[in-house]
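Down below is the structure, laid out as structure tokens.
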Amino acid sequence: MTKPMHTADRVMLLMALIPYLKEHGPTTVNDLAVTFHVEPGILRKLVRFLGVAGVPGETLTYQHEDLFDIDWDALEQDDIVHLTQTVAVDDTPRFSSRETVALMAGLQVLQTVLPEPMRSSAERAAEKLARVEPVTDGSAGLSLSAASPDERITLLASAIAQHKQLRFEYRSVSGDVTERTVDPLTLRQRGDPWYLLAHCHDRNDSRTFLADGIRSPVVLADDAE
């Protein structure tokens, strides 16, 4: 007796079926059944459902271009599944410049704390994201290279994630230069500038540091308190 397929399993199968058909083209039901380890009868029902499924358009109604479509004659006469129209899966994500930089910075921080092979996956994702053309939103001066827009931000975020102390030289807005050892707490961005909120051991108090004023930051082996 065939084990019943739950709704979640059907959804996962449909999500896998669409890219497979886009890559391999028209495929017989039996071949798909073998590939996805499912009964041919269940697969036919899912394909028929796919032929009337879609994503509502801007008017929140379904037009022909908002629906998947299949070659019904090929299915009924030759038992072949042929997608003739797909929706949504062809859409390319669009990010603003600020969103792209934030995602890339986050991925680069993850590279410092993730084990292999997850670290390599994060690195590849950052490289792919760097090739995405952002939506123009007036965010001038934001780097979209595979490297961090500011290596200091990546290092500071890494120290926060690892709960490690930081040591750096700090140049205040008045021009004074001091050496600080801190427990980094969080990073915040106000407009374009980044700020590090931390407990400063040299002042024995909480301080907010402008990231642009931080020079030669080093992550220490000591754990942050």
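Tabulated data for the structure shown
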{"item": "Given (1) in a helix (DSSP H, G or I); (2) modelled with pLDDT of 85 or more, number of the condition L13 does not satisfy", "result": "(2)"}
{"item": "Filtered residues of the range 151-178 (kept if surrounded by 12 or more Cβ atoms within 10 Å (Cβ to Cβ) and assigned to a helix (DSSP H, G or I))", "result": "R152, I153, T154, L155, L156, A157, S158, A159, I160, A161, Q162"}
{"item": "Yes/no for P217 being within 21 Å of G106 (Cα to Cα) and modelled with pLDDT of 90 or more", "result": "yes"}
{"item": "Top-ranked residue of the range 188-214 - restricted to ones that are within 26 Å of the chain's Cα centre (by Cα) and without any contact (Cβ under 8 Å) to a residue 12 or more places away in the chain, ranked as nearest to I160 (Cα to Cα)", "result": "R188"}
{"item": "Members of the range 215-225 found to be assigned to a strand (DSSP E or B) and either closer than 17 Å to K164 by Cα or free of Cβ contacts under 8 Å to residues at least 12 places away in the same chain (or both), listed by number", "result": "S216, P217, V218, V219, L220, A221, D222, D223"}
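The values are calculated or read from the model by the stated rules, or taken from the named source; none is laboratory data. All values derive from a computational prediction rather than experimental measurement. When we count neighbours, we look across all protein chains shown, and the Cβ atoms used for this are built from the backbone with ideal geometry, even at glycine.
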